[in-house]
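Written below as structure tokens is the structure these notes are about.
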Amino acid sequence: MSASKNLEYKKTSFLNKSNNAFIEQMYVKFINKDPSLPEGWKEYFLGISEDLDSVVREIKGPSWNPKKVKIKENIEFKKEDSTLKVNQADVIDGNSNSIRAVSLIRSYRQRGHLLSKLDPLEIRESEYLDELHPENYGFNKEDYDKQIYLDGVLNKEYSNIREILSILRKTYCGSIGYEYMHISNPTERKWFRDRVEKDENALKFTENGKSAILNKLIQAEGFEKFLHTKYVGSKRFGLDGGESLIPGLEQIIKIGGQSKIKEVKIGMSHRGRLNVLANVLQKSYKRIFNEFAGEINNTEEDSAGDVKYHLGASSDREFDGNSVHVSLTDNPSHLEAVNPVVLGQTRAKQFFHKDAERNKVIPILIHGDAAFAGQGIVAECFAMSGLPGHNTGGTIHIIVNNQIGFTTSPRFARSSPHPSDIAKMVDAPIIHVNGDDPEAVVYGSRIATEFRLKFNRDVVIDLVCYRRFGHNEGDEPSFTQPLMYKKIRSHQSTANIYGSKLINENLISEGDLNDQIKKFKDLLDDQFKTAKDYNPKIEWFEGAWSSYKPKKGKDKRGITGADEKILKNISDNVPLIGEGTSKFTLSVSSSTIASSA
Ligand SMILES: Cc1ncc(C[n+]2csc(CCOP(=O)(O)OP(=O)(O)O)c2C)c(N)n1
Ligand SMILES: [Mg+2]
């Protein structure tokens, strides 16, 4: 390369780098005399005026390059302004401020969730993170009001550090913490970024929306409180402390309904199951009370005979004229084991709905924080989620993150900051949200549903909450977590916190709030009174299954029982230890049992 070529390359080599598009935009503004072009850039182009032709050549690329931007060949600035003195230091300063500000913004997108206010109990401490402080990028307090060119980053042409910080903290460090920068698909990542950063997408609720949220919280809390007083010490694995799950689920079904989904298939464990059955699937309160009283008639041929917090149900829900069939799969005690069952059911339902797009039936899996982080089956289901033979078009996962697993605190149960990290193995976006901010929970649920429906991939809502009572209601949690439970005892319920918020906003009065709470309690009292006489019938062959119901007397039942004498013999002999040996002795062989069955 000749010396003159070297010089030309030195002055224009930056055009070949990844910032080419940005410089191109600057240059187009320069030749079009756009007043929004920062002084520094104008001076820069003037400063290399004798090389403007080579700049144009670089931008235009080779003759076969399909250029979209039109560049004027006739550069009148050359002579006109070439005498202007360029302050190179200012130019560099302006450019590096832009680059450093963009680096700061990027750090918030990546790590802002670590500073977000997710814990309703405010026990969890956030560490000081250098990379989220402007000083780390060379901005001192006196630089905070200096204008910085952002070229549309953060939806701003220009801004300053004070404003940038305020936007970033509001977006990324409030009641919601987002993790999406690990997504490798640029279209999905950009969609997510715009969804959370654009003003027009900000969290805003109408009066109706707010009162619907309050109503659901009153139902969720009122139901648990009622069971707590009527069935003292009885196991129910209450949702107390995580009531926001209910308005969150409602939002998913509502947004799904608007997008014309037909079915939602839910799988979940013990925590909050009765509440979901009652307040989302609309299983009658009367029936739940009846089951609580242990009055399922197990002698009936049709009865299920399982514990009440394992039972499933289904119903048709109507939102804004859209009907959505919602069903909850029965589950075993083995945590997370229901997940592949729900995914298989979803896939089968999609087949019967001819749902090639996988947007008519969507699965929701609700997990405990300890189980989600600890059970290998979670990773297995994620690993299968993208396979052609198993894909369900993405699951919406909700972690009811009450920050405890039985008696184990998170720091003794997992090795990562959030219980959701395993979901990063499939690039799933993760929305962490403070359960005491129900509007944020509903907003996060809306974003999650939109993402699932748009990109057909898994998404996670990490609902950070607490557990007001023990693992089950017979346990005393302050033996193992004394500090946490001291806080919980004096902590207002979510419905109370939200009710007070709406009173402060003058949307309701204190009287209205108390009326609503009382009305719901009266309804439960009424249902409770008649629950004893309720005769439940398990509906095995309803709806789509009705054609499979065998006619009376036509059911094909074989003899499956074993001889009573043999069973008694086994039972008598099982605890005995044979003479002079440590082995059990049984006077029946397994073949005897098989032949009798
Ligand atoms: C596979 C499996 N392991 C262990 C248990 C016993 N167990 C029942 S609940 C529970 C704690 C679960 O904690 P978490 O997932 O955080 O749910 P939470 O009860 O806090 O809602 C454990 C260990 C189980 N039921 N299944
Ligand atoms: Mg838990």
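Read the figures in this text as sums done on the coordinates, not as results from a lab. The shown structure was predicted, so the numbers you read here are calculated from the model rather than taken from an experiment. For neighbour counting, all protein chains shown are included, and Cβ atoms are generated from backbone atoms with ideal geometry for every residue, glycine included.
State the extension gain, in nm to one decimal, for the chain segment bounded by Lys486 and Asn506, taking 0.36 nm per residue of separation less the distance between their alpha-carbons. It would help to have the intermediate numbers written out before the result.
Values: separation 20, 0.36 × 20 = 7.20 nm, distance 3.22 nm.
Difference between extended and current length: 4.0 nm.
Once you place label points 7 Å from the Cα toward the Cβ at Glu318 and Ser234, how far apart are they in nm?
Result for the modelled spin labels: 3.2 nm.
What do you get for chymotrypsin sites (Phe, Trp or Tyr not before Pro) in the stretch 103-186 restricted to DSSP loop and a cutoff of at most 13 other Cβ within 10 Å of the site's Cβ?
Values: sites: Tyr108, Tyr128, Tyr137, Phe139, Tyr144, Tyr149, Tyr158, Tyr172, Tyr178, Tyr180; in loops: Tyr128, Phe139, Tyr144, Tyr180.
Passing sites in the stretch 103-186 are Tyr128.
I need the peptides 315-328, 239-252 ranked by packing, meaning the mean over residues of other C-beta atoms within 10 angstrom, with the highest value on top.
Values: 315-328: 15.1, 239-252: 27.1.
The densest-packed peptide leads the list: 239-252, 315-328.
From the cross-link list Lys254/Lys521; Lys204/Lys519; Lys198/Lys521; Lys529/Lys551; Lys204/Lys286, which pairs have alpha carbons spaced over 32 Å apart? Spell out each step's value before the answer.
Numbers: Lys254/Lys521 26 Å; Lys204/Lys519 28 Å; Lys198/Lys521 41 Å; Lys529/Lys551 36 Å; Lys204/Lys286 36 Å.
The answer is Lys198/Lys521; Lys529/Lys551; Lys204/Lys286.
Express in whole angstrom the spacing between the alpha-carbon centres of the stretch 224-291 and the stretch 362-408.
19 Å
Name the chymotrypsin sites (Phe, Trp or Tyr not before Pro) in the stretch 192-249 that are in a loop by DSSP and that have at most 15 other C-beta atoms within 10 Å, would you?
Working: sites: Phe192, Phe205, Phe223, Phe226, Tyr231, Phe237; in loops: Phe205, Tyr231, Phe237.
Listed in order of number, the matching sites are Phe205, Tyr231.
Go through Lys262/Lys354; Lys33/Lys190; Lys265/Lys354; Lys190/Lys354 and tell me which ones have a Cα-Cα distance over 20 Å in this structure. Kindly include the intermediate steps, with their values, before the conclusion.
Values: Lys262/Lys354 12 Å; Lys33/Lys190 31 Å; Lys265/Lys354 16 Å; Lys190/Lys354 31 Å.
From Lys262/Lys354; Lys33/Lys190; Lys265/Lys354; Lys190/Lys354, over 20 Å: Lys33/Lys190; Lys190/Lys354.
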